[in-house]
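The values are calculated or read from the model by the stated rules, or taken from the named source; none is laboratory data. Model, not experiment: these values are computed from the prediction. Cβ placement follows ideal geometry from the backbone for every residue including glycine, while neighbour counts extend to all protein chains displayed. Side chains included, ligands, DNA and RNA excluded: accessible areas come from the protein's heavy atoms. Shrake-Rupley method; radii C 1.70, N 1.55, O 1.52, S 1.80 Å.
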Protein chains: 2
Amino acid sequence: MNGTTPRRRGRPPRTEAAGTRDRILTAAREEFSARGYEKTSVRGIAKAAGVDPALVHHYFGSKEQVFEAAVEVAFAPALNASDAVADGPPDGVGERLTRFVLGVWENPATRTPLLAIVRSAVNNDTAAAVFRRLIAAQLMRRIAAPLDLPDAELRAELAAAQLVGTAMLRYVIRLEPLASADLEQLVARLAPVVQHHLTAA
Amino acid sequence: MNGTTPRRRGRPPRTEAAGTRDRILTAAREEFSARGYEKTSVRGIAKAAGVDPALVHHYFGSKEQVFEAAVEVAFAPALNASDAVADGPPDGVGERLTRFVLGVWENPATRTPLLAIVRSAVNNDTAAAVFRRLIAAQLMRRIAAPLDLPDAELRAELAAAQLVGTAMLRYVIRLEPLASADLEQLVARLAPVVQHHLTAA
DNA sequence: GTCTATAGGTAGATAGAC
DNA sequence: GTCTATCTACCTATAGAC
């Protein structure tokens with residue numbers, strides 16, 4: 001251990017500044033989600049956080065490392081909730097998965113890092129890898145595996161495609177009337193389709 | 001030898017240079033599709049086309065106008081083929097739409113401008129508007145309207161979401177095994193779902 | 001029609017003072 | 001820990017020579 005290394009993952013609490021690191025992280029999430037990776041600048045993050053641009057480099061190193069730290073939080077709900085989706089009667093997995101995905105997109109706290117990932121994943125290899133990990137790692141392993149059907153992975157990915165596409169058009173592209181549609185109406189239409197992908201012959 | 005190429009859209013037919021304009025346009029499509037709007041530079045386009053950067057401005061004005069000219073070609077197949085999708089027996093519209101969308105994504109000539117639009121639409125309002133226009137204008141009007149069902153527009157958009165999401169994961173994010181899946185297998189799994197969105201109770 | 005030169009900005013990153 | 005100052009690199013766009 002040395003006293004000056006800023007390379008950290010979680011956040012070993014130090015006697016350091018009053019939440020400066022967290023303020024940068026929050027601002028970074030905001031900026032990345034609103035503008036995507038390329039259009040976001042370290043200077044813009046610093047300004048939004050009310051700190052000096054040099055501090056961003058001081059705490060995180062490079063812009064890419066700021067991004068990784070900023071979107072890391074998107075994994076927390078995914079990890080926690082994949083249990084809730086996988087558990088329960090098999091014929092309800094479509095609705096549970098649909099509600100979960102739309103839920104994290106409706107919640108502003110989790111929507112922000114998700115927007116950051118999507119806005120960045122299409123143009124940035126690092127972000128695309130994060131996206132793949134996010135979809136594949138838990139969703140596939142916990143939901144596709146128990147299906148015990150041929151093409152289980154492909155099935156799960158096509159179900160994910162329905163939900164990813166819906167999120168794209170509703171939350172990113174903001175296509176009407178989908179963008180303003182009632183949540184329950186969406187669940188009613190999407191859940192059977194997701195269920196069909198996962199379990200139908 | 002063809003004298004003046006007929007490949008001109010919205011440009012006053014002048015006696016100008018050989019294929020310089022077209023070379024720029026082709027290079028622009030390549031660059032925008034590979035890097036997205038923000039990361040693509042006018043200088044990069046010029047270098048790929050083997051011309052001077054100032055010529056790009058000379059022919060198109062601004063970077064945004066280059067982009068619009070570059071993706072304009074994506075509308076041609078959409079306009080032409082929406083007839084083929086709309087015509088025919090109603091219970092086959094799901095498969096016809098699925099085959100059409102996957103078809104334009106499989107064809108390198110049409111995939112390139114589509115990638116440019118998708119890579120740019122998530123971060124750029126101009127590109128997002130192009131995307132909305134591309135989905136809404138023809139697909140919705142020609143396919144949703146004849147359905148004569150309640151929520152016809154929403155139905156059509158959720159069907160589009162399935163196909164957009166599939167394209168995202170397969171062609172942009174390159175998620176396996178979806179990215180390498182056989183085309184006919186995809187049609188077999190997707191067509192019934194698209195059909196369900198469009199016509200089922 | 002094509003290119004040189006340059007204006008006028010913004011970017012990521014670093015060194016070193018306090 | 002925090003900030004000032006700066007380096008280097010690249011960008012869009014334009015004016016004007018050939």
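Using θ = phi - 60° in the Karplus curve 6.51 cos²θ - 1.76 cosθ + 1.60, the 3J(HN,Hα) couplings for the stretch B:115-127 round to 4, 4, 5, 5, 4, 9, 5, 6, 10, 9, 5, 4, 5 Hz; x is entered for Gly and Pro. For the stretch B:72-199, with all protein chains in place and a probe radius of 1.4 Å, 54% of the accessible heavy-atom surface sits on carbon or sulfur.
For peptide A:171-180, compute the average count of partner chain beta-carbon atoms within 10 Å of each residue's beta-carbon. Provide the component values of the computation, followed by the final result.
Details: counts 0, 5, 10, 2, 11, 5, 4, 8, 1, 1.
Counting Cβ atoms of other protein chains within 10 Å of each residue's Cβ and averaging gives 5.
Averaged over peptide B:191-198, how many Cβ atoms belonging to another chain are found within 10 Å of each residue's Cβ? Mind dumping the intermediate values first?
Numbers: counts 0, 3, 10, 1, 0, 4, 4, 0.
For peptide B:191-198, the averaged partner shielding equals 3.
The stretch between B:ALA201 and B:GLU184 holds 3.5 nm of extra length on full extension. This uses 0.36 nm per residue minus the Cα-Cα distance.
Among B:ASP83, B:ASP148, the sequence by solvent-accessible area, most first, with a 1.4 Å probe is B:ASP148, B:ASP83. The mean sequence separation of alpha-carbon pairs under 8 Å and at least six residues apart, normalised by the residue count of the stretch B:9-156, gives a relative contact order of 26 percent. Spatial offset of the stretch B:69-116 relative to the stretch A:162-201 amounts to 22 Å, using the alpha carbon center of each.
Normalised Debye scattering of the stretch A:88-201 at q = 0.17, 0.20, 0.21 Å⁻¹ gives log10 I(q)/I(0) of -0.86, -1.15, -1.24, counting only Cα atoms as equal scatterers and leaving out solvent. The 3J(HN,Hα) values that the Karplus relation (6.51, -1.76, 1.60; θ = phi - 60°) gives for the stretch B:194-201 are, in residue order, 4, 4, 4, 4, 7, 10, 5, 5 Hz. Gly and Pro appear as x. Dividing the helix sum by the residues of chain A, where each DSSP H run of 4 or more adds -39500 (n - 2.57), gives a mean residue ellipticity at 222 nm of -20000 deg cm²/dmol. By the Kirkwood approach, averaging reciprocal distances over each pair of separate Cα atoms, the stretch B:9-112 gets a hydrodynamic radius of 15.4 Å. Residues B:LEU25, A:LEU178, B:LEU55 ordered from highest to lowest accessible area at a 1.4 Å probe: B:LEU55, B:LEU25, A:LEU178.
Heavy atoms of the protein chains alone define the surface here; on that basis chain B has 46 Å² accessible area per residue at 1.4 Å probe size. With the simple model of a label 7 Å out from the Cα in the direction of the Cβ, A:THR20 to A:LEU79 spans 2.8 nm.
Divided by 2.2 N^0.38 Å, where N counts the residues, the Cα radius of gyration of the stretch A:20-69 comes to 0.93. Along its three principal directions, the equivalent ellipsoid of chain A from the Cα gyration tensor extends over semi-axes of 35, 19, 14 Å, largest first. Between B:SER41 and A:HIS58, the simple spin-label model (points 7 angstrom out along Cα→Cβ) gives 3.1 nm. For a label point 7 Å from the Cα of A:ARG141 along Cα→C-beta, name the residues of the stretch A:82-108 whose backbone N is under 18 Å from it. In the stretch A:82-108, the label zone of A:ARG141 (backbone N under 18 Å from the point 7 Å along Cα→Cβ) covers A:82-87.
Given a Förster distance of 22 angstrom, what is the FRET efficiency for A:GLU176 paired with B:GLU68, based on the Cβ-Cβ distance and rounded to 0.05?
Efficiency for this residue pair is about 0.50.
Charge tally around A:ALA191: other residues with Cβ under 9 Å, Lys/Arg +1 each, Asp/Glu -1 each, net +2. Built from the Cα atoms of the protein assembly as shown, the convex hull projects on average onto 23.7 nm², one quarter of its surface area. Note on B:126-133: average number of Cβ atoms from other chains within 10 Å of each residue's Cβ is 2.
Check cross-link reach from B:LYS63 to the aspartates and glutamates: straight Cα distance under 19 Å, and skip same-chain residues fewer than eight apart. Partners within reach: A:GLU38, B:ASP22, B:GLU30, B:GLU31, B:GLU38, B:ASP52, B:GLU72, B:ASP125.
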